[in-house]
Amino acid sequence: MMKKLLCLSVLMLMSGVLLFAQQKKYPSLFWEITGNGLQKPSYLFGTMHVSNKMVFHLSDSFYIALQQVDVVALEQNPYFWQRDMMQMNEAQDAVKNYMTNGANDYLNEQSFRLNGYEDNLRAALTDQPMQINGLLYRTSRVQEDYEENTYLDLYIYQTGRKLGKLAAGVEDYYESQRMVFQAYQAAAKEQNKKRPDRSDESMYDIQKKIQDAYRRGDLDMLDSLEQYEYVSPAFTEIFLYKRNEVQANSIDTILHHHSLFVGVGAAHLPGKRGVIELLRKKGYHLRPIYMTDRDADKKDAIDKMRVPVVFKEASTSDGFIQMQLPGPLFRRNDSRQNLNDSWQYADMDNGTYYMLTRVKTHAAMYGQTAAQVLKKVDSLLYENIPGKILKKTPITKNGYKGFDIVNRTRRGDMQRYNIIVTPFEVLVFKMSGNEDYVAGAEGDTFFNSTNIQNNQQASQVYTNAQAGFRAALPQMPYITIDKTGGDHLPVMACEAIDSINGNAYMIWKKTVNNYRFLEADTFDLSLIEESVKESDIIDKELSRSFAKQDGYDALNMQFRLKKGNLLFAKAVLRGPHYYLLAVNTKDKKYNPTAFFDSFKLIDFAYNQPQLFNDTSLHYTVQTPVKPVLDTFIQRMVNEAVNDNFYRGANAYNAYWNRNKTAFFQNDSTGEAVLVNCTVFPKYYYSTDTASFWKEQLNMQHYKGMIVKKKEPFVLPDSAIGYKLVIGDTNTVRQIVSMYLLKKNYLYQLTALTDTVSTSSNFINSFFTTFRADNDIKSSSVFQDKTALFFNDYISKDSAVQKLAVDAIPHINYTCKAVPMLQQVIASAKYTDKDYFDRKNSFIHELGYLNDSSCVQNVTAYLLNLYRQSADTSYFQNEIVQALARLKTASAYDSLKNLLLQDPPVYDDNSEYHGLFNIIGDSLALARNLFPDLLQLASLEGYKEPVNSLLKDLVDSGFLAAASYQPYFSRIYFDAKIAMKKQQIKDDKLLQQQSSSEYNEEEDESDDNGAANYHNFDRYRRYYDYSNADDEDNDLVNYATLLIGFYNTNASVPPFFNKLLRSQDEATQLGAAILLARNNIAVPDTVWQNLAAKDKYRAVLYRRLAAIDKENLFPKSAATQPLMAQALLLNDKNSDKFQSCELIGKRLVTEKNQNGYVYFFKYKLNKEDDWKIGISGIQPANLKEVNTNDNLTRMTGKRLASNKPIAAQYDEELKKLLFAMHKSATYFFSSNLYSNYLDDYTDSDN
């Protein structure tokens, strides 16, 4: 009986399994591959790329399969991941640097600052490399208790390697990256994305379902859940299906030679186009393998195994450090906060990594010895070494002292550090792995192999032709190129120590390439000085004096350091190259002259020029600075740049090609050349060379600078162009440009040189050998493309036609095009695609054909077309605007007739304003539309734009009051209505003001006072009380129209009297200025009332000065402190100060202007802290005033009580003064004043 029951149970279980298998097409993650001539089975496994324990339910069948095969493969071969990833990163950086405008450099306050190294050292000790985690572990601190030591894919690889298996990948890394890029590219272009309906489920629910399906091995469910992962069919096609084909083909190739265990993402397996079915189509048999219980014993045994490694020599690029590693040393690009230079090697087989971090201390310049730095290191170890320190042993390497540290992390993994202190940097060697791997022979081999160069102590003249100098130094200097600075500018640092007296010597060099401006050399030297002064070690600057260095401006400085030493420094500016020499000494009698005099600038050294050919930008050049570009990466980037989907659906962006750049810069010398390439569109046509070059050269960009050379040239290959040399006063720097035009390709070459030295071999060779390719397949920009455009517009090829349609508003139509324009307008059919928009676009373009040879015909055609379109206001409205754009007397006459006889009607009031803005572009022509056009003011939508245009005509003197006298009654009536609306506002304002004053009198300390003030301020804004300098005021506009009747109509003076009594000071001001301009007396009380208010004082003076009536400004208010206070309030367009007190003033000189800057402390709200306010420049003559606000700023910065007041104001004034110079735009980290004075600097640079 029991046997029968047991048999029945087995049968039921088997039938259940069979039923399950019948219901599920893909019931497992694990598949056996046989057939198709295979001698023994191979295996396919679906992975998840995570380390979560959920994916590690691996049974004995998993391990048995791995033991039986010859090769273990993943999507890509992990052995090459690190190499490929680093090469890809380097290639991407090289292409990015080449294709990006790198000439956008600025100094900032960190550029030459000697900062402490403690934060950098902490970062080096605590650094957890992101790339290493991605390569080896993929762990999360939050989930680390629920994760294995690595992720499933790498576990498969490592298990195979521990079992002695060969490794492979079923995708090429570069090809995979290309396909991923193409998938995203396709998704971005795809128009019909369909987001799945998941209204009943959150993403958390879906992710949980995916995890549960994976845990069960249910590929069918995973396949159905993919719809939530991929919303773009185009993306899925490439990212999933095309990669599935690549994987299946690679698996097939390997299977012809070896048995295989291959793990790929589980999503690649199921479905009609999944890897399983693709392999079946190739003749293979695939059956599911059901994994049962997790085999912990086999996993533990395998985890304890090690893959033997072979150590090889490795060194840093400068040769200063050598070591032995199982593989090459890769420079990291994910160093923590980019504070330090760091390198790594990840041993993918054993899950361990090796790391070197170099922390630049500049300790000698700080007056610190290596022993003091070592003591500082020791003090940081407890807090910054992960987990628990098991052992700390003092060591010496090549004469440098340090520590050998062994620690164990909270996860139980052992790590080991060697921390070595040199006079100029701290070297942190680190090894980390799972469990106790570091304690093995591999760790000893690595740490015992490290070797550090010890520079010979011998006085010498050091020459650095790449940095362009030589100098006498007490020893062979320590040289670094540091790219981790806050200004993102590489710095060449040269440091040495005199072992006899302990003096520390330093030479820094930075190159700042920026072609937007030329600053005074002495000012840029002061930027170096300012940066040095902010160093942690500086106590006080003792002296400064300008000098010369080999014909260049220099600045000598002396500082007292906080520890009592002296720092002698010299800043030198050589074109775009900034040098800083410094000596730190204890000797109070030390004379730096010998060191400074030994410093000599020499020519930069370059290799022989080589041919460089850019096939994408179609040029060649002979240059010693030849970028090494990965053609695969460059092709991908060019595909992205050339593809219109990255430029949006906007037709303008789709038509005009994006400018492309090529940036050539030598890492050692810093010299650079920028190539900007403009490819003019297919239909671009310039009617004459003079206007073309005027637009392209854009000499307005160099306003305020000196054009030293502007020389046209013609090359034998028919290319033409211009050579420009731009200079300025107070600088030896100059911007050198060459424009070269060939067919529709325009190249601009730009470099920064100087007048003291001849240009380098690099610059000379580049400018003299640059040539556009002869195979450019296009036509000249001076060839008429109109016929080509119209042919393409009617093309049957939809792509060709679309390009022409997008180009409609960009074509340079001439009189020759008028018949063709008329033809396409006449032939347009209602059934045509985009009929209304296209026809309207062509009508719009007719409005720009104001050439005297055809404008009359165009005007007549537009009038006739208007009559033909009587039943379609859509076209009539465009025709009216086209007539207005023609800007001829006959067109305006026709326009006038149309507006009066059949005025257009718009849905949106803004369109009325748009029409009258076009009409008002020519007031001389618009004057002929009046007074008749005033008839339209009674129509809805027309009153405001008609009155506005009339006001502009009257205000500009084009119309006298007599010309619109018949409409006086209507205008006066509208003005009275506007006056009544203003009176309602005034009454409510008085009521609100009274309430506010009452509450403040009740309790001055009550916060309600401030609250009521805020309510009052909000009320003013809500009822549209204008800003102080806002001249657009309805009542004042009406007053402008009525002022001409002041002496002839008795109703006008009372109207103005009411304006002068308005509670709105802006209305008072506008009316008073109108009266004064027309020589009509204004009561003194009005001027006094306006001048008494901070908000209107400066505005009043400015408006009176504009009409030469400054004498009307009240003398009691014409003081510099009061004017400065008013300008300060206007800085933020505030209504009033809660409190404002004068602190003092400073006499300043800026850009040849002398005057006073006033210091205030202010509060805008009662509860505010005192803030720092600065206002200027007022005239040097204290009896005079002006409204110059170039140095005016409500800083918003709290006035600190624990710092000297004068110092705080001087600091903020300095920032303002610096901000007036373009080279200091981003100098201060607060960025408070950046771009604040753009208008000022643009006009007065």
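Quick note: the coordinates plus some simple rules give every number you see, no bench work behind them. Quantities reported herein were computed from a predicted structural model and do not represent experimental measurements. In this analysis, Cβ positions are derived from the backbone assuming ideal geometry, glycine residues included, and neighbour counts consider all displayed protein chains.
Rounded to the nearest 500, what is the chain's calculated 222 nm mean residue ellipticity when only DSSP H runs of at least 4 contribute -39500 (n - 2.57) each, over all residues?
-11500 deg cm²/dmol
In nm, give the distance between the simple-model label positions of residue 795 and residue 917, each being 7 Å from the Cα along the Cα-to-Cβ direction.
3.5
Take every DSSP beta bridge with both residues inside the chain and express the antiparallel ones as a percent of the total, to the nearest 5.
About 95 percent, rounded to the nearest 5.
Using a Förster distance of 60 Å, how high is the FRET efficiency between residue 815 and residue 1229, based on the Cβ-Cβ distance and rounded to 0.05?
For residue 815 and residue 1229, the calculated efficiency is 0.55.
Suppose R0 equals 56 Å; then what is the FRET efficiency for residue 691 and residue 1108 from their Cβ-Cβ distance, rounded to the nearest 0.05?
That pair, residue 691 with residue 1108, gives E of 0.90.
For a quick protection proxy, order the peptides 1074-1087, 156-169 by their average other-Cβ count within 10 Å, most packed first.
156-169, 1074-1087
What shape does the stretch 667-820 have by the C-alpha gyration tensor, where a ≥ b ≥ c are the square roots of the eigenvalues, rounded means a/c under 1.5, and otherwise prolate means a/b greater than b/c and oblate the rest?
Taking the square roots of the gyration eigenvalues as a ≥ b ≥ c, the stretch 667-820 is prolate.
Dipole of the stretch 312-452, Cα-centred, from +1 at each Lys and Arg C-beta and -1 at each Asp and Glu C-beta, to the nearest 20 debye?
500
Taking a temperature of 10 °C and a viscosity of 1.306 mPa s, what whole-number D in µm²/s does Stokes-Einstein yield for the stretch 1119-1245 with Rh from Kirkwood over alpha carbon pairs?
Result for D is 107 µm²/s.
What does the stretch 312-452 give for Rg and for Dmax, in Å, if only its C-alpha atoms count?
Considering the stretch 312-452 through its Cα atoms, Rg and Dmax are 14.6, 46 Å.
Can you pull the Rg over Rh of the stretch 1037-1138, Cα-only, Kirkwood?
0.99
From the phi angles alone, apply the Karplus equation (6.51, -1.76, 1.60; θ = phi - 60°) to the stretch 172-187 and give each ³J(HN,Hα) in whole Hz, x where the residue is Gly or Pro.
For the stretch 172-187, the Karplus curve yields 7, 4, 5, 5, 5, 4, 4, 5, 5, 4, 5, 5, 5, 4, 5, 5 Hz.
Measure nothing but the geometry: give the 0 to 90° angle between the long axis through the Cα atoms of 943-955 and the longest principal axis through the Cα atoms of the chain, rounded to 10°.
Its long axis makes an angle of about 70 degrees.
From the cross-link list 589/1197; 401/483; 375/562; 626/694, which pairs have alpha carbons spaced over 31 Å apart?
Going by Cα-Cα distance, 589/1197; 626/694 fall outside the 31 Å limit.
Among 480, 631, 814, what is the fewest-to-most ranking by other Cβ atoms within 10 Å?
Exposure proxy ranking, most exposed first: 631, 814, 480.
Express the relative contact order of the chain as a whole percentage, based on alpha carbon pairs under 8 Å and six or more residues apart in sequence.
Rounded, it is 7 percent for the chain.
Which loop-located trypsin sites (Lys or Arg not before Pro) does the stretch 231-273 contain, where loop means any DSSP state but H, G, I, E or B and the Cβ has at most 15 other Cβ atoms within 10 Å?
272
With everything on Cα atoms, drop me the angle between helix 152-162 and the longest principal axis of the chain, reported from 0 to 90° to the nearest 10.
The angle comes out near 30 degrees.
For the chain, what is the charge dipole size about the Cα centre, in debye to the nearest 20, if Lys and Arg each add +1 at the Cβ and Asp and Glu each add -1 at the Cβ?
Dipole about the Cα centre, nearest 20: 1860 debye.
Multiply the residue gap between residue 851 and residue 588 by 0.36 nm, knock off their C-alpha separation, and tell me the result in nm, one decimal place.
Extending this stretch completely gives an extra 86.7 nm.
Using 0.36 nm per residue, how much length does the chain from residue 285 to residue 101 gain when fully extended, once their Cα-Cα distance is taken away?
60.6 nm
Which peptide among 374-383, 170-179, 419-428 comes first, and what is the full order, when sorted by highest mean count of other Cβ atoms within 10 Å?
The packing order, highest mean first, is 419-428, 170-179, 374-383.
Quick one: check the C-alpha center-to-center distance for the stretch 489-543 versus the stretch 1114-1132, whole angstrom.
Going from one Cα centre to the other spans 41 Å.
Once phi is turned into ³J(HN,Hα) by the Karplus curve 6.51 cos²θ - 1.76 cosθ + 1.60 with θ = phi - 60°, what whole-Hz value does each residue of the stretch 490-507 show in order, with x for glycine and proline?
Values, residue by residue: x, 10, 8, 10, 10, 10, 8, 10, 8, 5, 7, 10, x, 4, 10, 10, 8, 10 Hz.
Length gain on complete extension for the stretch residue 1048 to residue 1198, per 0.36 nm per residue less the alpha carbon to alpha carbon distance?
My answer for the length gained is 48.3 nm.
Put a dot 7 Å past each Cα toward the Cβ at residue 390 and residue 313; how far apart are the dots in nm?
3.3
For helix 909-919, report the angle its Cα long axis makes with the longest principal axis of the Cα atoms of the chain; keep it between 0 and 90° and round to the nearest 10°.
Roughly 70 degrees, rounded to the nearest 10.
Once you've got the Cα coordinates, tell me which of 796/829; 1115/1145; 376/510; 299/388 are over 24 Å apart.
Those over the limit are 376/510; 299/388.
Quick one: which of 616-627, 1178-1189, 890-901, 786-797 comes out on top by average Cβ neighbours within 10 Å, and what's the full order, highest first?
616-627, 890-901, 1178-1189, 786-797
Residues with amide H under 5 Å of residue 553's amide H, sequence separation 5 or more or different chain, H placed in the peptide plane at 1.01 Å from N; which?
573
Step through the residues of the stretch 322-331 one at a time and calculate ³J(HN,Hα) from phi using the Karplus curve (6.51 cos²θ - 1.76 cosθ + 1.60, θ = phi - 60°), rounding each to whole Hz and writing x for Gly and Pro.
Going residue by residue, I get 10, 6, 10, 9, x, x, x, 8, 10, 6 Hz, with x marking Gly and Pro.
So if I take the centroid of the Cα atoms in the stretch 1154-1178 and the same for the stretch 707-721, what is the distance between those two points in Å?
54
Out of residues 5 or more away from residue 43 or on other chains, whose amide H comes under 5 Å of its own, with H placed 1.01 Å from N in the peptide plane?
It is 33, 260, 261, 262, by chain and number.
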